[in-house]
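Inspection log for the structure reproduced underneath, given as structure tokens.
Please treat every number below as a calculation from the coordinates, not as lab data. Bear in mind that the values here come from a model prediction, so they are computed numbers and not experimental data. We place every Cβ from the backbone using ideal geometry, glycine too, and count neighbours over all the protein chains shown.
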Amino acid sequence: DTEVTQTPKHLVMGMTNKKSLKCEQHMGHRAMYWYKQKAKKPPELMFVYSYEKLSINESVPSRFSPECPNSSLLNLHLHALQPEDSALYLCASSQYAGGRGLNEQFFGPGTRLTVL
Amino acid sequence: DAKTTQPPSMDCAEGRAANLPCNHSTISGNEYVYWYRQIHSQGPQYIIHGLKNNETNEMASLIITEDRKSSTLILPHATLRDTAVYYCIVRVGGVLTGGGNKLTFGTGTQLKVEL
């Protein structure tokens, strides 16, 4: 199984809502990532988890709260978002958080989020 | 990580080779060149990577110049399904402790394969 799954595929939420994005992989990978991608822009790294511990936070606002309950699951909790947070949210995983040479990241299909 | 420069767009006829250039003139000795692509509305997909030798896999070939300041991704027989944005990324290799595996995507090249 070389797949990263993300749910939901689409999400529409109001600025006062609380919602969560879910990501799952069963490749035994020990590093997981959240990226944000605005329309016609490249993906931007938000968070990196290594061995279920947060290792990188790219100065992401606190209205985005990541959680890694176990090595296969990654959540992104959303609260009080703004319309400008509307984007495609991509999850990825890799065997390790560092590593020499090939440590390719496998990406999920993303959750398209619209904040009204 | 070193910055990369890619042309914003390229066209290629189906069945012909697609040669996508990338300039990374400030690359350091321990930095690898990675290529990913993103087909519309999908997540990025790893293609190939290299340090200094040319590399080939079932998807593509990667040619890195001797001075490592530039590289070319070659799709030998492009098909319509290869239409995508192609990202050239330069990343530090080696064992990292705690730093994480950061991929910094540039603006990429939109490759359009046509009949």
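For residue B:32, the residues whose amide H sits under 5 Å from its own are B:91, B:92, B:93, ignoring neighbours fewer than 5 places away on the same chain, with H placed 1.01 Å from N. Dipole magnitude for chain B: about 240 debye, using +1 per Lys or Arg Cβ and -1 per Asp or Glu Cβ, origin at the Cα centre. Taking 0.36 nm per residue of separation and subtracting the current Cα-Cα distance, fully stretching the chain between residue A:70 and residue A:39 would add 8.1 nm. With contacts taken as Cα pairs under 8 Å at a separation of at least 6 residues, chain A carries a relative contact order of 37 percent. Label-to-label distance for residue A:22 and residue A:95 is 2.9 nm, based on points extended 7 Å past Cα in the beta-carbon direction. Residue by residue, the range A:8-24 carries 3J(HN,Hα) couplings of x, 6, 10, 8, 10, 9, x, 5, 9, 6, 10, 9, 9, 9, 10, 9, 9 Hz when phi is fed to the Karplus relation 6.51 cos²θ - 1.76 cosθ + 1.60 (θ = phi - 60°); x denotes Gly or Pro. Rg of the Cα atoms in the range A:48-116, relative to 2.2 N^0.38 Å, amounts to 1.22. For the range B:1-26, backbone nitrogen atoms closer than 20 Å to the point 7 Å from residue A:59 Cα along Cα-to-C-beta are found at B:1-4. In this calculation the C-beta distance from residue A:52 to residue B:3 is compared with R0 = 35 Å, giving a FRET efficiency of 0.65. Charges were assigned to the Cβ only: +1 to each Lys and Arg, -1 to each Asp and Glu. The resulting dipole of chain A about its Cα centre is roughly 280 debye. The Rg/Rh ratio for chain A, using Cα coordinates for both the radius of gyration and the Kirkwood hydrodynamic radius, is 0.95.
Once the mean of 1/r is taken over each pair of separate Cα atoms and inverted, chain B shows a Kirkwood hydrodynamic radius of 14.3 Å. Taking θ as phi - 60° and the Karplus parameters 6.51, -1.76 and 1.60, the scalar couplings of the range B:105-115 work out to 7, x, 7, x, 10, 7, 9, 10, 9, 10, 5 Hz in sequence order, x denoting glycine and proline.
Taking every Cα-Cα distance in the protein assembly as shown and sorting them into 10 Å bins from zero, the calculated P(r) comes out as 8, 32, 35, 20, 5, 0 percent. The residue A:84 and residue B:112 beta-carbon pair, evaluated with R₀ = 22 Å, returns a calculated FRET efficiency of approximately 0.15. Taking the Cα centre of the range B:52-96 as reference, the dipole from Cβ charges on Lys and Arg (+1) and Asp and Glu (-1) amounts to some 160 debye. In this simple spin-label model, placing a label point 7 Å from the Cα along the Cα-to-Cβ direction at both residue B:52 and residue B:72 gives a separation of 2.1 nm. Rounded to whole numbers, the Karplus 3J(HN,Hα) couplings from phi for the range B:74-86 are 10, 9, x, 9, 5, 10, 4, 6, 7, 4, 5, 8, 9 Hz, using 6.51 cos²θ - 1.76 cosθ + 1.60 with θ = phi - 60°, and x at Gly and Pro.
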